[in-house]
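Take a look at the structure below.
Just so you know, all these numbers are worked out from the coordinates, no wet-lab data involved. Since the structure is predicted, the reported quantities are computational estimates derived from the model, not experimental observations. Here Cβ is always computed from backbone atoms with ideal geometry, including for glycine, and neighbour counts include all displayed protein chains.
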Amino acid sequence: MTGSVRLDVDGAIATITNDNPDKHNAFDDDMDTQLWGVLAELKSHPEVRAVIWRGEGKSWSSGRDVGSIGNLKVDMSHHELMRRGHRGIQQLWDLDAVFIVACKGWVMGGSFQRALMCDIRIAAYDTRFRLPETTYGVIPDTGGVAVLYEMAGPGVVSDMVLTGRVLSAEEALAHGVVSRVVPEAELDTTVREMAEQIATAPAASVRMARSIIRHLALPEIRSSMDEEMIGQTYLSRSDDMAELRAARAEDREPRYTGS
């Protein structure tokens, strides 16, 4: 196992740590399974009021470990794997705890989308956000695009998704993707102080406020995830995907047909 996802519970505050620093905390199938287990375990800790999600090393998470793409370790179809992923991250919706993401370094791909599914994102000044899926012949498929659309609008979403451009921390703040930008040396302290503030506030008030905020967003996220599952399943079997793989294997320029 090259990486892990750790859970530490300290009274009313829990911390999830992405621990695969040699690969900028890129996720593979094993780490996905661990994350789903961590979220499931949090359901047995009703005393937890706030969850900090952080990363070891230089980045929060650079997304999917490209070395694991196309090398599934589970006996599941592409569609089944996506359903497992959707159900896994949707466990966030079943928890009363507020999730705060401490973004730094690279926050990319599916991991960026998972961060968008959380309640609050704080970024270090060096943070870079990216959705590079189309460069690999696929589309974002974790529900985060629906959240980003609500935050930043169709222009920014289209630019990020269709070109794979990098969004800086300052731009992310301007578009509402993150709510604060701080020096990296202050990131953990800032996030901890926020978690403590939430954990000591009246529990009923926090729960109700969070429920109302989430009620505004969840219908669109669910609808987007359903469409993403259909689209991604189609793309995995498309002629263009087969051509992309063949061109890379043969070290030549691809000839796409759009089918």
Q) Quick one: helix 239-250 against the long Cα principal axis of the chain, what's the angle to the nearest 10°, folded into 0 to 90? A) 80
Q: Give the angle, between 0 and 90 degrees and rounded to the nearest 10, that separates the Cα long axis of helix 203-236 from the longest principal axis of the Cα atoms of the chain.
A: 10
Q) Roughly how tilted is helix 184-200, in degrees to the nearest 10 and between 0 and 90, from the longest Cα axis of the chain? A) 60
Q) What is the extension gain from VAL9 to ARG222, computed as 0.36 nm multiplied by their sequence separation minus the C-alpha to C-alpha distance, in nm to one decimal? A) 73.7 nm
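Loop-only trypsin sites (Lys or Arg not before Pro) in the range 197-259, please: DSSP not H, G, I, E or B, and at most 10 other Cβ atoms within 10 Å. Intermediate values should be presented prior to the final figure.
On the way: sites: ARG207, ARG210, ARG214, ARG222, ARG237, ARG245, ARG248, ARG252, ARG255; in loops: ARG237, ARG252, ARG255.
Qualifying residues, ordered by number: ARG237, ARG252, ARG255.
Nearest 500 deg cm²/dmol is fine: what mean residue ellipticity at 222 nm does the chain get from its DSSP H runs of n ≥ 4 alone, each adding -39,500 (n - 2.57), divided by its residue count?
-15500 deg cm²/dmol
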